Amino acid sequence: MSTTAFETASPGRAIRIGLWVAQALLFFVFTAAGLVKLLTPIPELAAMMPWAGQYSATFVRFIGLVDLAGGIGILLPALTRVLPRLTVLAALGCSMLQVLALVFHISRGEAPVTPLNVVLLALSLFVLWGRDRKAPIAPRQF
């Protein structure tokens, strides 16, 4: 194999591995955050996240459902190859959620908590770009 062929093949593999790692990280973070927001009593949640005690329980639980759906959607369709295009849509949704979270936290004077949102936004955009353009996953043939 020539050096050129090897160099050309490696970035594709590296991108695919990077995408799977990003998807797994996003799955764990969004799923965990969603479950915490869904299952933790509001007073306990407010001790961890002050905003949770300042908004309705319905709003907090809705955000938990959105987090959970994003986490599942970013990994499961790609992993099973059943409607893998949903992974791209989940990455778009997770990206939008992080932009809204950044605006929300900055408007509340909570800029110190935004670095996590920036990292999650970057990972979500990477998955969005990668699974849409660079390394899409073909649907399973039944």
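For the reader, a short list of remarks on this structure follows.
- Carbon plus sulfur fraction of accessible area for region 45-123, probe 1.4 Å, in percent: 79
- Summary of packing: across the peptides 40-50, 92-102, the per-residue average of other C-beta atoms within 10 Å ranks them, highest first, as 92-102, 40-50.
- Accessible area of region 17-142 divided out per residue, in Å², using a probe of 1.4 angstrom: 56
- Other residues within the sphere of radius under 12 Å centred on the Cβ of Leu38, judged by their own Cβ, net out at +1 (K and R +1, D and E -1).
- Between region 110-142 and region 53-67, the Cα center-to-center distance that results, in Å: 23
- For the chain, complete DSSP H runs whose alpha carbons reach 27 Å or more along their own long axis and whose mean Kyte-Doolittle score is 0.5 or higher are 3-39, 57-80, 85-107.
- Across the chain, Cα-Cα pairs farther apart than 17 Å form 63% of the total.
- The shape of region 78-142 can be summarised by an equivalent ellipsoid whose semi-axes, obtained from the alpha carbon gyration tensor, come to 30, 10, 8 Å from longest to shortest.
- Choice from Arg61, Arg81, Arg108 with maximal GNM fluctuation in the chain (Cα, 10 Å cutoff): Arg108
- Estimated 222 nm signal from helices in the chain, with DSSP H stretches of n ≥ 4 weighted -39500 (n - 2.57), rounded to 500: -26000 deg cm²/dmol
The values are calculated or read from the model by the stated rules, or taken from the named source; none is laboratory data. Just so we're clear, the structure is a prediction, and the values are computed from it rather than from any experiment. Every residue, glycine as well, gets a Cβ built from its backbone with ideal geometry; the counts of neighbours run over all protein chains shown. Just the protein is used for accessible areas: all its heavy atoms, side chains included, with ligands, DNA and RNA removed. Shrake-Rupley method; radii C 1.70, N 1.55, O 1.52, S 1.80 Å.
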